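Below you'll find the structure, written out as structure tokens, and then a few comments.
The values are calculated or read from the model by the stated rules, or taken from the named source; none is laboratory data. Everything quoted here is computed from the prediction, not taken from an experiment. Glycine also receives a Cβ, built like all others from the backbone with ideal geometry; neighbour counts cover every protein chain displayed. These area figures cover heavy atoms from the full protein model, side chains too; ligands, DNA and RNA do not enter into them. Shrake-Rupley method; radii C 1.70, N 1.55, O 1.52, S 1.80 Å.
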Amino acid sequence: MTAVEKEKFGATNRTSSNACGVTLMNNQNGYVVADVMRHHDGVQVREYPSMIRIDGGNKIEFDFDEISEALGAEFNVYDFEEIMSTHYGRMVHLDDKTVLFANPEDAAEYIDFDLKVVDVAD
């Protein structure tokens, strides 16, 4: 598509954004999680009055030991689910961390996902 061409209204764009992220509550725990993630390469944190957006490319890991240390109390997957309102990308919960993947094939080994090749005509 050239700069002059326009996408047809309602057209499907099947290219990957190579991005993933979460929306957290802007409360004490959400703020600490955001502050921890702020120091990770490739992660962008944006604070709003009632929510915090954490976005990144390809893969984001929320390490519960790292978050627990910053929080000064145990933090686990249940605490993460409590403060998260939405996410995009494939989410995988493990015992010690939650991982978001932008592309399903990157999460395949965790989610028993057999990616089938699809031929998409231009």
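For Ala11 and Asn27, compute 0.36 nm times the residue count separating them, minus their Cα-Cα distance, and round to one decimal in nm.
1.9 nm
What residue among His40, Thr15, Phe62 has its Cα farthest toward the positive end of the dipole of the chain, where the charges are +1 on Lys, Arg and -1 on Asp, Glu, each on the Cβ?
The residue sitting most towards the positive pole is Thr15.
Would you mind getting the accessible area per residue of the chain, heavy atoms of the protein chains only, 1.4 Å probe, in Å²?
About 69 Å² of surface per residue is accessible.
Each label point is 7 Å from the Cα along the Cα-to-Cβ direction; what then is the distance between the points at Glu47 and Val120, in nm?
If labels sit at Glu47 and Val120, their model points lie 3.8 nm apart.
By how many nm would the segment from Tyr78 to Asp96 grow when fully extended, if each residue of separation counts as 0.36 nm and the alpha-carbon distance is taken off? Each step should come with its number before you reach the end.
Numbers: separation 18, 0.36 × 18 = 6.48 nm, distance 1.14 nm.
That works out to 5.3 nm of additional length.
Which of the three applies to segment 41-86, rounded, prolate or oblate, going by the alpha-carbon gyration tensor with a ≥ b ≥ c and a/c under 1.5 meaning rounded?
oblate
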